[in-house]
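One structure is given below, encoded as structure tokens.
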Amino acid sequence: MRAFTYERAADPVAAARAVAARPGAKFLAGGTNLLDLMKIEVETPVHLVDVQDIGLDTITATDGGGLRIGALVTNTALAADPRVRRDYGALTRAIVAGASGQLRNKATTAGNLLQRTRCPYFYDTNMPCNKRTPGAGCAALGGVSRGLAVIGSSDACIATHPSDMAVAMRLLDATVETVNAEGRTRAIPIADFHRLPGDTPHIETVLTPGELITAVTLPKPIGGVQGYEKVRDRASYAFALVSVATVIQPDGSGRVALGGVAHKPWRVAAADAALPQGAHAVAAQLFAGARPTRDNGFKLVLAERALAGVIAQTRTA
Ligand SMILES: Cc1cc2nc3c(=O)[nH]c(=O)nc-3n(C[C@H](O)[C@H](O)[C@H](O)COP(=O)(O)OP(=O)(O)OC[C@H]3O[C@@H](n4cnc5c(N)ncnc54)[C@H](O)[C@@H]3O)c2cc1C
Ligand code: SF4
């Protein structure tokens, strides 16, 4: 691990100011992703600004009937919150499908949204990776790509976003709230928060340097039967090959978001509209323009079958 300096910020704007003031500085939340990457020198921050003392660790009701989830709320606390379990079941299910109990006790809401890809070549500093070193090339193209993206990818990067929680947040139309070093706040729809790789896969979100996530808000509950189906290589803990988050209403209408298939949680308005026609029609819309590799075309079939299973369960619920 490279040497770094460390401080604990006292409030959100001070934290944003401290990171903005030092190129190469990073926020430290639960540390469950950042520290792992620092140990193998994939991440080499020169300065860490620890945000554990800045508050932002509560879940409160919003005036609009939804919930504001502080950026430092742990995954365990969020999944267990009775309001989340009752009104946003897809979110609880997605979180508990991720990582392990110990990790979820440390992992935070903001850190989960910002965790880095699990592309194996990203973790191997002997291999070229445009996300780790812009312009280096991409070892996954022509390499082993079984777990990687089938849609929304580019000639520069075919990595997927690994977060389960983010897929449910996308399903539920969450909004990411931020503050910058000058104290200016922004509310960013989660649909616009993560970027597709294009020519700049190292720029993963629309956050500006030093911009701190303060909260994620959920709109008022939309009802329906909510689900999260995660297909992975082993049940104990593993990242998703494919995941399917759904809200299905009694009349068969609803919403679908996929994980494990793209550089961001994948949701398409035309796929939501196709839900009453069944899984095949939905998958056709979700995967219009898909570019699977020779290793991962199975994800298209897997996602459709997982969705068909969820729809069938909903009908018998
Ligand atoms: C063995 C293992 C298995 C896992 N399995 C899964 C899984 O199946 N599904 C899944 O979804 N996840 C999984 N994870 C990932 C885990 O969910 C993430 O590591 C965790 O959510 C990151 O949260 P954190 O608070 O620890 O973030 P940190 O590691 O502290 O930070 C992550 C990034 O977010 C930035 N950051 C943190 N807080 C803020 C903020 N408020 N504003 C701006 N930037 C911020 C940091 O600078 C850093 O770049 C797994 C992790 C491990 C180690
Ligand atoms: S797919 Fe993306 S993360 Fe993986 S090696 Fe290529 S550039 Fe790096």
Practice problem: Would you tell me the accessible area of VAL179, worked out with a 1.4 angstrom probe on the heavy atoms of the protein chains, in Å² to the nearest 10? | Solution: 10 Å²
Self-check item: Long-range HN-HN contacts of GLU177 with modeled amide H, under 5 Å
Solution: ILE188, THR214, ALA215, VAL216, THR217
Exercise. Averaging sequence separations of C-alpha pairs under 8 Å and six or more residues apart, then dividing by the length of region 51-129, give the relative contact order as a whole percent.
Key: 25 percent
Quiz item: Mind listing the phi-derived Karplus ³J(HN,Hα) values for region 294-299, rounded to whole Hz, using 6.51, -1.76 and 1.60 with θ = phi - 60°, and x for any glycine or proline?
Solution: 5, 8, 10, x, 4, 5
Exercise. Please give the length that would be gained between ASP155 and ASP53 if that part of the chain were fully extended, namely 0.36 nm times their separation in residues minus their C-alpha to C-alpha distance (nm, one decimal).
Key: 32.6 nm
Quiz prompt | Cα-projected label distance for THR125 with ALA80, points at 7 Å along beta-carbon direction, nm | solution = 3.7 nm
Practice problem: Could you state the orientation-averaged shadow area of the convex hull built on the Cα atoms of the chain, in nm² to one decimal? | Solution: 15.6 nm²
Exercise. Work out Dmax and Rg for region 34-172 from the C-alpha atoms and quote the Rg first, both in angstrom.
Key: 17.2, 51
Quiz prompt | Under 22 Å from LYS131, Cα to Cα: lysines that are on another chain or at least 8 residues apart | solution = LYS26, LYS39, LYS264
Quiz prompt | For region 160-262, convex hull of alpha carbons as volume per residue, Å³ | solution = 128 Å³
Practice problem: Go through region 205-217 residue by residue and turn each phi into a ³J(HN,Hα) via Karplus (6.51, -1.76, 1.60, θ = phi - 60°); whole Hz please, and just put x for glycine and proline. | Solution: 9, 8, 5, 8, x, x, 6, 9, 6, 9, 6, 10, 9
Self-check item: Part-to-part distance (alpha-carbon centres) for region 161-208 and region 99-118, which is given in Å
Solution: 15 Å
Self-check item: Amide H contacts under 5 Å for PHE27, placed H, 5+ residues apart
Solution: VAL49
Practice problem: Along each of the three principal axes of the Cα atoms of region 1-93, give the extent in whole Å, ordering the values from largest to smallest. | Solution: 45, 28, 16
Quiz prompt | Residue-count net charge about GLN115 - beta-carbon cut-off 11 Å; Lys, Arg +1, Asp, Glu -1 | solution = -1
Quiz item: So what's the back-of-envelope 222 nm ellipticity for the chain, counting only DSSP H runs of four-plus at -39500 (n - 2.57) apiece and dividing by all residues, rounded to 500?
Solution: -7500 deg cm²/dmol
Self-check item: region 257-306: radius of gyration and largest Cα-Cα distance (Dmax), Å
Solution: 10.4, 32
Practice problem: Could you tell me the accessible area of ASP199 in Å² (1.4 Å probe, neighbours in place), rounded to the nearest ten? | Solution: 150 Å²
Practice problem: Report ³J(HN,Hα) in whole Hz for each residue of region 42-54, in order, from the Karplus equation J = 6.51 cos²θ - 1.76 cosθ + 1.60 where θ = phi - 60°; Gly and Pro get x. | Solution: 7, 10, 9, x, 8, 8, 10, 10, 6, 9, 5, 9, 9
Quiz item: Between VAL144 and ALA235, what is the spin-label point distance in nm, taking each point 7 Å from the Cα along the Cα→C-beta axis?
Solution: 2.5 nm
Practice problem: Show the residues, 5+ positions off or on another chain, whose built amide H is closer than 5 Å to the amide H of LYS264. | Solution: HIS161
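The values are calculated or read from the model by the stated rules, or taken from the named source; none is laboratory data. The model shown is predicted, which means the values in this text are computed figures rather than measured ones. Counting neighbours? That spans all protein chains shown, and the Cβs are built from the backbone with ideal geometry, glycine included. The accessibility values were calculated without ligands, DNA or RNA, using every heavy atom of the protein model including side chains. Shrake-Rupley method; radii C 1.70, N 1.55, O 1.52, S 1.80 Å.
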